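Colleague: I have a structure here, written as structure tokens, and I will follow up with some questions on it.
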Amino acid sequence: MAAGKISLKLKNSLSETNRLFERIQAFGESQGLDRRQIFHLNLVVEELFTNIVMYAFGDDKTHWIHISVSHDRGRLTILLEDDGKPFNPVALKSPDLKGPVENREIGGLGVHICKELMQGMQYRRVGNRNILTLTKTLDRKAP
Amino acid sequence: MEIIEEKENDTAVFKLNGRLDSNTAPEFDDKISTSIDNGVRFIVVDCQALDYITSAGLRILNKTAKKLKPVDGKVVLCAMEDYVREVFEISGFDTFLPIFPDMQTAMAQLKTG
């Protein structure tokens, strides 16, 4: 497998998700990831990006969200950085996944999906910035 | 995202083509809600051409299942890629949303149990 990295700077707007998706898709393909791996990568990045856009900012100003994805011989690292309110997804409780449909709340589901699809998740608050790092070692492809 | 709706009496089939995410979920939500308001009780979501789904899409399916339960209705899914199904499983959605391998089976099971 190859090695590479992309860095993206996105506005805090859901309209950026199309560009984000296309860039991640192209990156995944350039790294030789399979469809499932690219789908999961896109899903994780988009869930976290969407959370930041929807909940991190209490004003009407434009904020920049920095996202990078790097890949080195099967090891994926995702980094997200924003200047929004402090938010530690690592500490977020998982939603009820077993009860009847009436009791299911959807809050926290995006973060739960990210935790399940990745292996490591680390949060740091540095100055006025949230820095979230996620890591995963990809399954070796079937020959 | 393209959403094709076919309706017959109290049953509707929604074919999803493309990506169901935070941008396209509101349109899907509107179409399903309108359909239920117009008397639909049984819904099949055909996922054969669904490339991608996020929690925004799951939220709509959760809402639909909640709405249909008290009126003895049902929403089921069919023909999804394995990697899409995985997202339903890790979210615990497969416990209240039946997922069938194809449209024929989904239609046959829709009004049973």
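Readers should treat all values here as calculations from the given coordinates under stated rules, not as data from a laboratory. Values in this document were obtained by computation on a predicted structure and should not be read as measured data. Cβ coordinates were reconstructed from backbone atoms using ideal geometry, including for glycine residues, and neighbour counts include every protein chain displayed.
Colleague: Kindly state, to the nearest 0.05, the FRET efficiency for A:Asp59 paired with A:Arg19, given R0 = 25 Å and r defined as their beta-carbon distance.
Modeller: Computed FRET efficiency for A:Asp59 and A:Arg19: 0.60.
Colleague: Gap in Å between the Cα centre of segment B:44-113 and the Cα centre of segment B:6-42?
Modeller: The distance from the Cα centre of segment B:6-42 to that of segment B:44-113 comes to 12 Å.
Colleague: Once you mark the trypsin sites (Lys or Arg not before Pro) that are in a DSSP loop and have at most 14 other Cβ atoms within 10 Å, what is the longest gap between them in chain A?
Modeller: Answer from the scan: A:1-60.
Colleague: For peptide B:90-96, what's the mean number of Cβ atoms from other chains within 10 Å of each residue's Cβ?
Modeller: Taking the mean over all residues of the peptide, I get 6.
Colleague: Moving to a separate point now. May I ask for the net charge around A:Arg104, where only other residues with Cβ less than 15 Å from the Cβ of A:Arg104 are counted and Lys, Arg are +1 while Asp, Glu are -1?
Modeller: Around A:Arg104, the surrounding residues sum to +2.
Colleague: Here is a follow-up. Based on the alpha-carbon gyration tensor of segment B:1-49 and its eigenvalue square roots a ≥ b ≥ c, which shape applies: rounded if a/c is under 1.5, prolate if not and a/b is larger than b/c, or oblate?
Modeller: Oblate.
Colleague: Let me ask something additional. Given Cα positions, please report Rg to Rh for chain A, the hydrodynamic radius being the Kirkwood one.
Modeller: The Rg/Rh ratio comes out at 0.98.
Colleague: Over chain B, what is the percentage of antiparallel beta bridges among all DSSP beta bridges, to the nearest 5?
Modeller: The antiparallel proportion sits near 30 percent.
Colleague: Over 10 Å intervals from 0, what percent of Cα-Cα pairs in the protein assembly as shown sits in each interval?
Modeller: 7, 30, 33, 21, 9, 1
Colleague: Counting only other chains, what is the mean number of Cβ atoms within 10 angstrom of the Cβ of each residue in peptide B:52-64?
Modeller: 5
Colleague: Measuring from centroid to centroid over Cα atoms, what is the spacing of segment A:112-136 and segment A:1-70 in Å?
Modeller: Rounded to whole Å, the Cα centres lie 14 Å apart.
Colleague: Take the cross-link list A:Lys11/A:Lys93; A:Lys5/A:Lys85; A:Lys98/B:Lys31; B:Lys31/B:Lys74; A:Lys85/A:Lys115; A:Lys93/A:Lys136 and give me the ones stretching past 19 Å between alpha-carbons.
Modeller: Listed pairs above 19 Å: A:Lys11/A:Lys93; A:Lys5/A:Lys85; A:Lys98/B:Lys31; A:Lys85/A:Lys115; A:Lys93/A:Lys136.
Colleague: With Cβ to Cβ distances under 9 Å as the rule, what net charge do the other residues near B:Gly57 carry (K, R +1; D, E -1)?
Modeller: Summing Lys/Arg as +1 and Asp/Glu as -1 gives +1.
Colleague: Using R₀ = 30 Å, calculate the FRET efficiency as 1/(1 + (r/R₀)^6) where r is the Cβ-Cβ separation of B:Asp30 and B:Thr95; round to 0.05.
Modeller: That pair, B:Asp30 with B:Thr95, gives E of 0.65.
Colleague: Over the Cα atoms of chain B, what radius of gyration and what Dmax do you get, in Å?
Modeller: Radius of gyration, then largest Cα-Cα span, for chain B: 12.6, 35 Å.
Colleague: Can you pull the mean other chain C-beta count within 10 Å for peptide A:11-17?
Modeller: The shielding value for this peptide is 2.
Colleague: Across 10 Å bins from 0, what is the distribution of all Cα-Cα pair distances for segment B:67-113, in whole percents?
Modeller: 26, 51, 22, 0
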